[in-house]
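Engineer: Got a structure for you, questions after.
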Amino acid sequence: MNFMYDDITTIYQQIFSLNQAFLQFIQTFIKKMPSRILDLGCGPGDYVNELARQGHQVTGIDSSTQMIAWAKQHHQGNFHHLSFTEINTLKGQFDCIYCIGNSLSYLPYDATDEFINDVFSLLLPEGRFILQLVNWDRYRLAGDLDFPVIQLTDGKTFHRTYEAHPDSTVLFKTEIQKNGQPLQTWADHLYPRYSDSFPQEFTDNGFKDTAIYGDFKQNPFGTENSPAFILITHKGS
């Protein structure tokens, strides 16, 4: 992952505010109190902090050193500087693991099976895995996704665009502007996952009862109009 997330640590919450719909959604899948929960790609730790405040035992991992340093300083919870390919170094098992905010799109295709197996191993029996990505099916159909311009402090704005790239990847371009002029720019590769094949990868690796939704209100997933791709699956007993 590139260093955009290191660079935007102090303004991250202006760009990606806490999603209350997710916090309501996850309550459906937390079966006991307290639960052991793992946040994959926790950023500055806002969700870890909120779930820890509710009494759960929560761990967050992120590949950004600055995000983890900020989280440790400001939030409750256990935080580790780890990439998705290093989660097998974590100790213990969890009742619920989640990965939201399109974070898994940074994972290269050839690392998918190992990641799914690692998540499976980290879950307790009947443990749940929750995944949220952008609706890559809609991108594939339309050739683009529209992102709103986000207003920051001091008259700055945050911009995001997707650009098709060889090898079935997408170039994610981000930029901070002021008065229409770029101040900082970043670019990184994303690896889209699609609804016609990706859920099967979880079934093939031992997960059960995989369900797909189009948003955190559990509306059905639609390739053309859903804002998100949300996958729920569990380890089984």
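The values are calculated or read from the model by the stated rules, or taken from the named source; none is laboratory data. Just so we're clear, the structure is a prediction, and the values are computed from it rather than from any experiment. Don't worry about glycine lacking a Cβ; one is built from the backbone with ideal geometry, like all the others, and counts go over all protein chains shown.
Residue-by-condition table, conditions (1) under 27 Å from Phe158 (Cβ atoms); (2) buried (at least 19 other Cβ atoms within 10 Å of the Cβ); (3) not assigned by TED's automatic domain parsing to the domain that holds Glu175:
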residue	(1), (2), (3)
Ser17	yes, no, yes
Ile30	no, no, yes
Gly43	yes, yes, yes
Gln54	no, no, yes
Val58	no, yes, yes
Met67	yes, yes, yes
His75	yes, yes, yes
Ile87	no, yes, yes
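Engineer: Now for a different question. Suppose we keep only residues that are part of a strand (DSSP E or B) and out of contact with any Lys or Arg (no Cβ under 8 Å at 6 or more places or on another chain) within the stretch 176-200. Which one would you say is nearest to Tyr106 (Cα to Cα)?
Structural biologist: The selected residue is Leu190.
Engineer: Filter the stretch 216-227 for residues that are surrounded by fewer than 18 Cβ atoms within 10 Å (Cβ to Cβ) and either among the aromatic types (Phe, Trp, Tyr) or on the phi < 0 side of the Ramachandran plot (or both) and give the result.
Structural biologist: Within the stretch 216-227, Lys217, Asn219, Pro220, Gly222, Thr223, Glu224, Asn225, Pro227 qualify.
Engineer: Out of all the residues in the stretch 201-210, which are surrounded by 13 or more Cβ atoms within 10 Å (Cβ to Cβ) and in a strand (DSSP E or B)?
Structural biologist: Answer for the stretch 201-210, where residues must be surrounded by 13 or more Cβ atoms within 10 Å (Cβ to Cβ) and in a strand (DSSP E or B): just Thr210.
Engineer: Scan the stretch 149-160 for residues that are β-branched (Val, Ile, Thr) and either modelled with pLDDT of 95 or more or in a loop (DSSP other than H, G, I, E, B) (or both) and jot them down.
Structural biologist: Scanning the stretch 149-160 gives Val149, Ile150, Thr157.
Engineer: What pairs come out if I take residues in the stretch 136-150 that are free of Cβ contacts under 8 Å to residues at least 40 places away in the same chain and pair them with residues that are hydroxyl-bearing (Ser, Thr, Tyr) and surrounded by 15 or more Cβ atoms within 10 Å (Cβ to Cβ) whose C-beta lies under 6 Å away, six or more apart or interchain?
Structural biologist: Leu145/Tyr139; Leu145/Tyr162; Val149/Thr157
Engineer: For Asn88, are the conditions met, namely being more than 16 Å from the chain's Cα centre (by Cα), closer than 24 Å to Phe3 by Cα and not in a strand (DSSP E or B)?
Structural biologist: So Asn88 fits the description; yes.
Engineer: Quick one: which helices (runs of 4 or more DSSP H) sit completely within the stretch 1-50 and have at least 1 residues that are without any contact (Cβ under 8 Å) to a residue 60 or more places away in the chain?
Structural biologist: It comes to 12-15, 20-27.
Engineer: Yes or no: the stretch 131-144 includes at least one residue that is among the polar types (S, T, N, Q) and more than 27 Å from Ser35 (Cβ to Cβ).
Structural biologist: Taking every residue of the stretch 131-144 in turn, at least one turns out to be among the polar types (S, T, N, Q) and more than 27 Å from Ser35 (Cβ to Cβ).
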